[in-house]
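Only one structure is covered here, and it is reproduced in the block below.
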Amino acid sequence: MEIKSLKISGDSTKREWAVYLLIATPKTKKGIIKLYVGKVGDNRKGCNPIISRIGNHFSYNKIHSQIRNKLNNPEEYNYEYFYCHFGKYDDPTKNIVKSKEKINELERELNRKVQAKIINNPNYQLLNPFIGKYVSNFKKQSRNILDESEMAILQKLTEQAILLT
């Protein structure tokens, strides 16, 4: 039997809005690297820390376990998460709709940036690509809520996480 370890950053226990990028690398170093873009803070009952969301990805509860659901054999991969917080979770008694809209748009934009980074690279597969379904012009304008610094952070996260060879 082998002794294993798992380091957990204290920052991953914060109750804050966040987006993340999962990198699943085959243990054999052969095969396609799988990617997954997600967020925390859209839960109806509040915002769980990113470490809670990460753990749920491997749950046997099909509602929460997106990675286990998408990979037939999750034990054959090693995982690394890259994430960024975007502010403290608001008191749910306040108007939280604007913050949810922002975290949703941050997730969509990170997904688009990842897709642009790996386009035409057969070594990577995004498990949950955002396909940009049609939305009204009004809805499109309301989604223009990210500022330059947020866009730069998402770009940096993408560049740091995906090192193309």
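The values are calculated or read from the model by the stated rules, or taken from the named source; none is laboratory data. In this text, all values refer to a predicted model and were calculated from it rather than measured experimentally. Heads up, the Cβs are rebuilt from the backbone with ideal geometry, glycines too, and the neighbour counts pull from every protein chain shown. When the accessible area is computed, the model is the full protein with side chains, heavy atoms only, and any ligands, DNA or RNA have been set aside. Shrake-Rupley method; radii C 1.70, N 1.55, O 1.52, S 1.80 Å.
What's the angle, to the nearest 10 degrees (0 to 90), between helix 97-118's Cα axis and the longest principal axis of the chain?
40 degrees
Please give the net charge around Ala152, taking every other residue with its beta carbon less than 12 angstrom from that of Ala152, where Lys and Arg add +1 and Asp and Glu add -1.
It works out to a net charge of -3.
Which sequence of Ile33, Ile153 reflects their accessible areas, 1.4 Å probe, from the largest down?
Result, largest first: Ile153, Ile33.
Find out how many positive minus negative residues lie around Tyr36, taking Lys and Arg as positive, Asp and Glu as negative, among other residues whose Cβ is under 13 Å from that of Tyr36.
After counting each charged neighbour, the total is +3.
So what are the ³J(HN,Hα) numbers for region 31-36, from phi and the Karplus equation (6.51, -1.76, 1.60; θ = phi - 60°), rounded to whole Hz, Gly and Pro as x?
x, 8, 7, 9, 10, 8
From the helices alone, meaning DSSP H stretches of at least four residues, give me the mean residue ellipticity at 222 nm for the chain, per-run term -39500 (n - 2.57), in deg cm²/dmol to the nearest 500.
It comes out at -10000 deg cm²/dmol, rounded to the nearest 500.
In nanometres, what is the gap between the two model label sites at Gln155 and Glu2, each 7 Å from Cα along Cα-to-Cβ?
4.0 nm
Over the chain, one equal point on each Cα, no solvent: what is log10 I(q)/I(0) by the Debye formula at q = 0.12, 0.13 Å⁻¹?
After summing over all Cα pairs, the log10 values are -0.57, -0.67.
Which order do Leu6, Leu106, Leu163, Leu127 take by accessible area at a 1.4 Å probe, largest first?
Output order, biggest surface exposure first: Leu6, Leu163, Leu127, Leu106.
Helix 148-161: angle to the longest alpha-carbon principal axis of the chain, degrees 0 to 90, nearest 10?
The angle comes out near 10 degrees.
Amide H neighbours of Ala18 under 5 Å, at least 5 residues apart or on other chains, H built in the peptide plane: list them.
Val40, Phe86
Which percent, nearest 5, of DSSP beta bridges in the chain are antiparallel?
Given both bridge residues lie in the chain, the antiparallel proportion sits at roughly 85 percent.
Take each of the peptides 52-63, 109-120, average the number of other beta-carbon atoms within 10 Å over its residues, and list them starting from the highest.
With the highest mean Cβ count within 10 Å placed first, the list reads 109-120, 52-63.
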